[in-house]
Amino acid sequence: MYIIPAIDILDKKVVRLREGDYSQKTEYNVTLEEMIERYQSNGTNLIHIIDLNGAKGDFSNQQYLFDVIRKTDMKVQYGGGIRSIDKVKELIDAGIQRVIVGTQAITNPTFLPDLSKDLCGRDNCSDHIVVAIDVLDEVIKYSGWMESSPIKLMDYVDRCLSLGFFRFLCTDIGKDGKLGGAGIELYSKLLDHSPFIKLIASGGVSSIEDVEALNKIKVESVVVGKAIYEERITIEEIKNWNLQSLISI
């Protein structure tokens, strides 16, 4: 299992939100460029960047983010405000390793079928596309976690699988930004339902012990953000964990 450091950007600043609430943000005195350099110099080759403005339909950050990403040779998992198949293609063509799709995949019934047909086919969707599932009490949320979907969680997973999408980023909103531990129960349910999915856990991780617990239930990777900024998990610990993970593959 791989640890993916997270960098959330709001108004061009590095922040973390609590339970996805934009009014409960913590702002950090570090730039996106500095964070990328810090991770890269410590052996990390994949980072998770979210445009929180874009998640609300505000694309004022986008050019800034693209300019920074183009300057790094780090692999990037990117999300926030991706509303069209053309945008997905643009990001992949620009060198983004993984594109996260969320709101459009839920609200537009033709988006995932068209994406599967036009871009990935059935064999490599999970290589470049990550389907975001943001969950609060097993209810799927979207549009920056401000709206609720009537689609049942497991039904949505099954629909994605039927179209060839196997990699999911599941955020347990109730845990997010609280440093209170990962949503082991939620992830276990997902993996019990579909053991072969590539599951990326997100939300609540506060220590290497939380990472170890996720590793035991065999999630593919885990996104860690606030725990790094609050020095609950050190970059050296991430480096050592990821190096050991690569050795054991």
Pairs returned, first residue in the range 153-179 that is β-branched (Val, Ile, Thr), second residue that is modelled with pLDDT of 90 or more and surrounded by fewer than 18 Cβ atoms within 10 Å (Cβ to Cβ), beta-carbon separation under 9 angstrom, 6 or more apart or interchain, are 157/193; 157/194
Cβ-Cβ under 6 Å pairs, at least 6 apart or on other chains, the range 78-100 side of a type in the set (Gly, Ala, Ser), far side in a helix (DSSP H, G or I) and modelled with pLDDT under 90:
80/54; 80/55; 81/54; 81/55
(1) touching a Lys or Arg at 6+ places or on another chain (Cβ under 7 Å); (2) at pLDDT below 90; (3) assigned to a strand (DSSP E or B) all hold for residue 177 apart from (3)
Filter the range 142-154 down to the residues that are touching an Asp or Glu at 6+ places or on another chain (Cβ under 6 Å) and at pLDDT below 85 and list them by number.
145
Consider the range 16-48. How many of its residues are assigned to a strand (DSSP E or B) and either surrounded by fewer than 19 Cβ atoms within 10 Å (Cβ to Cβ) or of a type in the set (Lys, Arg) (or both)?
10
Restricting the search to the range 16-48, which residues are touching a Leu at 6+ places or on another chain (Cβ under 7 Å) and either of a type in the set (D, E, K, R) or at pLDDT 90 or above (or both)?
25
Single residue of the range 192-221 satisfying the filter (in contact with a Ser or Thr (Cβ under 7 Å, 6 or more places away or on another chain) and under 21 Å from residue 47 (Cα atoms)) that is surrounded by the fewest Cβ atoms within 10 Å (Cβ to Cβ):
198
Scan of the range 154-171 for residues that are buried (at least 16 other Cβ atoms within 10 Å of the Cβ) and in contact with a helix residue (DSSP H, G or I) (Cβ under 8 Å, 6 or more places away or on another chain), ordered by number
156, 157, 159, 160, 163, 164, 165, 166, 167, 168, 170
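The values are calculated or read from the model by the stated rules, or taken from the named source; none is laboratory data. Please read these numbers as outputs of a predicted model, since none were measured by experiment. So basically every Cβ, Gly included, is an ideal-geometry build from the backbone, and we count neighbours across all protein chains shown.
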